[in-house]
1. Between Ser124, Ser145, Ser128, which is surrounded by fewer than 22 Cβ atoms within 10 Å (Cβ to Cβ), among the polar types (S, T, N, Q), more than 21 Å from Tyr232 (Cα to Cα) and touching a helix residue (DSSP H, G or I) at 6+ places or on another chain (Cβ under 9 Å)?
2. Looking only at region 35-56, how many residues end up being surrounded by 24 or more Cβ atoms within 10 Å (Cβ to Cβ) and over 30 Å from Ser275 (Cα atoms)?
3. Restricting attention to region 175-183, does a residue exist that is closer than 28 Å to Tyr44 by Cα, open to solvent by 70 Å² or more (accessible area, probe 1.4 Å) and assigned to a loop (DSSP other than H, G, I, E, B)?
4. Just the residues that are over 23 Å from Arg121 (Cα atoms) and in contact with a helix residue (DSSP H, G or I) (Cβ under 8 Å, 6 or more places away or on another chain), please, taken from region 154-178.
5. Could you tell me whether any residue of region 65-87 is in contact (Cβ under 8 Å) with a residue 24 or more places away in the chain, open to solvent by 20 Å² or more (accessible area, probe 1.4 Å) and among the small types (Gly, Ala, Ser)?
6. Within region 264-281, restricting attention to residues that are part of a loop (DSSP other than H, G, I, E, B) and touching a residue at least 60 places away in the same chain (Cβ under 8 Å), which residue is farthest from Ser51 (Cα to Cα)?
7. Go through region 155-174 and give me each residue that's part of a helix (DSSP H, G or I), open to solvent by less than 60 Å² (accessible area, probe 1.4 Å) and either more than 23 Å from Leu57 (Cβ to Cβ) or in contact with a Lys or Arg (Cβ under 7 Å, 6 or more places away or on another chain) (or both).
8. When only residues in region 88-106 that are farther than 16 Å from Ile2 by Cα and touching a helix residue (DSSP H, G or I) at 6+ places or on another chain (Cβ under 7 Å) count, which is surrounded by the most Cβ atoms within 10 Å (Cβ to Cβ)?
Amino acid sequence: MITRLPLRTLLAGACLLLSVANLHAQGRSASPTLDKIRAAGTVYLGYREGSAPFAYLDPEQKAIGFSLDLCRHVTDAIQARLGLPALSVVQVPTTPGSRQIMLEAETIDLDCGPVTNTEQRQRSVAYSVTIFVAGVKALVRQDSSVRSIKDLKDKVVVTTAGTTAEAYIKSAAARQGLLINYRFGRDHAESLRLLLRGDAEVLVLDDALLAGLLSNLPPGERDRLVVLVDSYGFEPYGLAFRRQDPEFKKLVDDTLIGLMQSGEFARLYGKWFTSPIPPGGASLDMPMSAALKQLILTPNDKGL
C-alpha cells in the first residue's frame, strides 16, 4: 500500500526525531535502516512535488516519476530481503532545504527526488550509484537579449533555493568578471513564474528539470521561452539515504545495477525521457547521454 503524507505534519518533529535517532543508533545491527523498516513494517520514500520527470504530482495528485519508479524497485528488494509478507510504502514530500534533515531524522528512509551527489553533501548523506547526469543550463524568454554568459551582466538571474545551480552560475559569472543580481524561488514552479512575469531575465537549472517545466506549459507559453546551448556544468544524480549503513547501500546499489544490466533501467529511462508523460502528454525528447550510457556499463557513486 502506498500512502502520501503532507509535508507540514513532518517538519515540526524532524529535529526532535534526529536527536532520538542518535540515542538508539548504537543498539542496532549491521543495517539500522533495514532494522527500522522491519520494526515498522513501513518504508518512507521522500519525493519532490514539482520536479518532473524525476518526481512530481500528476493531475490526480499521485506521486510519479523516473526516480520514484527506481525507488519502487528498491522497496521490492527491501521486502524480499526482510521476508515481509507486506510492506507499507509511505511517500513523503520534501524540499531541497528539508530533505537532508528528514533523512538524518529518519522521517524518510530514501530520497527519491532529483538529488545531486557532491562530495560536500556526502559528509551528511550517502548516495547510490549515479542514475542521471544533468547539464546546468539557462532558460530565457525569446525576446530577451541574453544568449550567452557574457550577456548576463547586470541581469537578474533566478535559481531555486537549495539547489546546486546557484554555485555554477556564480562560478561562471566570476570567471567572466560579471556582476549579476540573484533571486531565489522556493521551488522550481516559483522560479519559472519569476521568469515568465519578467521579474528575472534568466532561470538557471538542470536541463532535465527545465525540460520538465516546459512540458507542463501550454504551447503558447512554451513558445515564449528558449533553453540556451551553453552548459555551466554537469551533475550526477543519485538516490540518497543515511550514511554509515553499508548493508543498505549495497541493497540499493545492487538493485539499481541489476536494473541497468537487465535493460529495465533503459526501459524506464525511455518511459520518462523520450515518451509522452503526464500531465500534457508531451515528450521531453531527451535521449540518454553518452555519459549516462557509460555509467550504466561502469556504475559508480562519485560526487562532484
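The values are calculated or read from the model by the stated rules, or taken from the named source; none is laboratory data. This one's a predicted model, so the numbers in the text were calculated from it and none came from an experiment. Every residue, glycine as well, gets a Cβ built from its backbone with ideal geometry; the counts of neighbours run over all protein chains shown. Heads up: the accessible areas ignore ligands, DNA and RNA and are worked out on the full protein's heavy atoms, side chains in. Shrake-Rupley method; radii C 1.70, N 1.55, O 1.52, S 1.80 Å.
1. Working: Ser145 fails: more than 21 Å from Tyr232 (Cα to Cα); Ser128 fails: surrounded by fewer than 22 Cβ atoms within 10 Å (Cβ to Cβ).
On inspection, the qualifying residue turns out to be Ser124.
2. Total meeting the criteria: 1.
3. Looking through region 175-183, none of the residues is closer than 28 Å to Tyr44 by Cα, open to solvent by 70 Å² or more (accessible area, probe 1.4 Å) and assigned to a loop (DSSP other than H, G, I, E, B).
4. Val157, Ala173, Gln176, Leu178
5. Yes, because at least one residue in region 65-87 is in contact (Cβ under 8 Å) with a residue 24 or more places away in the chain, open to solvent by 20 Å² or more (accessible area, probe 1.4 Å) and among the small types (Gly, Ala, Ser).
6. As a first pass, look at region 264-281 and keep what is part of a loop (DSSP other than H, G, I, E, B): 274-275, 278-281.
From the residues that got through so far, the ones that are touching a residue at least 60 places away in the same chain (Cβ under 8 Å) too are 278-280.
Numbers: Pro278: 12, Pro279: 13, Gly280: 15 Å.
Once the filter is applied, the top-ranked residue is Gly280.
7. Step one: of region 155-174, the residues part of a helix (DSSP H, G or I) are 165-174.
Still in the running and open to solvent by less than 60 Å² (accessible area, probe 1.4 Å): 165-166, 168-169, 171-173.
Within region 155-174, Glu166, Tyr168, Ile169, Ser171, Ala172, Ala173 meet the criteria.
8. Narrowing region 88-106 to residues farther than 16 Å from Ile2 by Cα: 94-106.
So of that shortlist, the ones also touching a helix residue (DSSP H, G or I) at 6+ places or on another chain (Cβ under 7 Å) come out as 94, 98, 101-102, 104-106.
Numbers: Thr94: 29, Ser98: 20, Ile101: 16, Met102: 24, Glu104: 19, Ala105: 22, Glu106: 21.
Only one residue fits best here, namely Thr94.
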